[in-house]
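All remarks here apply to the structure that follows.
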Amino acid sequence: MDLELTDERVMPKKMNPNNGLLKEHIVRYEFASNYAQGRVLDLACGVGYGTEVLLAQGEQIEEIIGVDLAQESIDYAKYHYGYPLVDFMVGEGTDPNLVEKLGQFDTIISFETVEHIKDDYKFIANLNNLLKDTGQLIISTPFGRGREKECSNPYHYRQYTEEEFRELLERYFEIELFYQLNERIEKRQAGVKYYLMVAICCK
C-alpha cells in the first residue's frame, strides 16, 4: 500500500526521522498521550501514525478510532497502523450524524484541523457532541493574524489570534492553553515567540 507524500501530509515512513515537521507532529501526539484515556477519537488522523504514538504511551487507552476525509489516507492507515484496539474510517468533522455512527468519546484529539474547515463553529459544536461530559478535547492550531485576515496558506480558511481561538472554544469548554515552539510544548514563557497553540478542553 503506497501513498504520495505531499506538503499537507505527514508520513513518517517516507520522511527522514530528523525532519523538523515530523518531530513537531510526533511531539504533539506524545503530549496528547498524557491525557488520552478510554475511548479515543483522532479526528483528521491523516495516515494514522498518531495512533502508534498514542498506543506506545497512553496506558489508559481502551480503543482508538481514527477518522479522516480522504479514503486513500484511511486505506494507508489500515495497512500500516492497523493495530489491535485501533480502527480507521472515512468521516467528516462537521457531520452531525457522526455521534450516532461512532458514539461519544473520553478523549478527542484534533491537530491542525479547525483552520481547514469552513464552518469552524459547527465543527467545534460537533466535537462537543462527540465528547462525553467527563471527557477532554486536545486541539491545536497555528497562530495567525486573525480570522478576517487573508491567509497565506492556501489550504487554510483562516488562522486565529489567541483571543479568537479562545473565543471559539470557550463557547463549550473550559480550556487550558499551551504553546509550541519546535519540540517544546509548554506554558507561555516570556520572550518566546510560539507558532502554535494547543488547548486542553473540558466541559
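The values are calculated or read from the model by the stated rules, or taken from the named source; none is laboratory data. Note that this is a predicted model, so its numbers are computed, not measured. Reconstructed Cβ throughout: ideal geometry from the backbone, glycine too, with neighbour counts over all protein chains shown.
Condition check for residue 139 on (1) at pLDDT 95 or above; (2) buried (at least 16 other Cβ atoms within 10 Å of the Cβ); (3) in contact with a helix residue (DSSP H, G or I) (Cβ under 6 Å, 6 or more places away or on another chain): one failure, at (3). Please name all residue pairs, on different chains or six or more residues apart, with Cβ atoms under 8 Å, provided the first residue is in region 14-25 and is on the phi < 0 side of the Ramachandran plot and the second residue is at pLDDT 80 or above and of a type in the set (S, T, N, Q). Pairs that qualify, where the first residue is on the phi < 0 side of the Ramachandran plot and the partner is at pLDDT 80 or above and of a type in the set (S, T, N, Q), are 20/182; 23/182; 24/180; 24/182. When we screen 185, 200 for residues that are within 21 Å of residue 116 (Cα to Cα), buried (at least 17 other Cβ atoms within 10 Å of the Cβ) and either of a type in the set (A, V, I, L, M) or modelled with pLDDT under 95 (or both), the only hit is 200.
Of all the residues in region 105-146, those that are among the polar types (S, T, N, Q) and assigned to a strand (DSSP E or B) number 6. Total residues in region 43-102 satisfying the condition of being among the hydrophobic types (A, V, I, L, M, F, W, C) and farther than 21 Å from residue 120 by Cα: the figure is 14.
So in region 150-203, with the set limited to residues that are among the aliphatic types (A, V, I, L, M) and in a loop (DSSP other than H, G, I, E, B), which one is nearest to the chain's Cα centre (by Cα)? Going through the qualifying residues, I end up with 192.
Scanning region 56-73 for residues that are charged (D, E, K, R) and within 13 Å of the chain's Cα centre (by Cα) yields one hit, 68. Among residues of region 102-131 that are touching a residue at least 40 places away in the same chain (Cβ under 8 Å) and closer than 14 Å to residue 42 by Cα, those with a Cβ under 8 angstrom from a residue that is crowded, with 21+ Cβ neighbours inside 10 Å and of a type in the set (Asp, Glu), sequence gap 6+ or separate chain, pair up as 109/42; 110/42; 114/120.
For every residue, the table says whether it meets (1) in contact with a His (Cβ under 9 Å, 6 or more places away or on another chain); (2) closer than 17 Å to residue 100 by Cα; (3) surrounded by 14 or more Cβ atoms within 10 Å (Cβ to Cβ); (4) at pLDDT below 95.
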| residue | (1), (2), (3), (4) |
| --- | --- |
| 128 | no, yes, yes, no |
| 132 | no, yes, yes, no |
| 135 | no, no, yes, no |
| 144 | yes, no, yes, yes |
| 149 | no, no, no, yes |
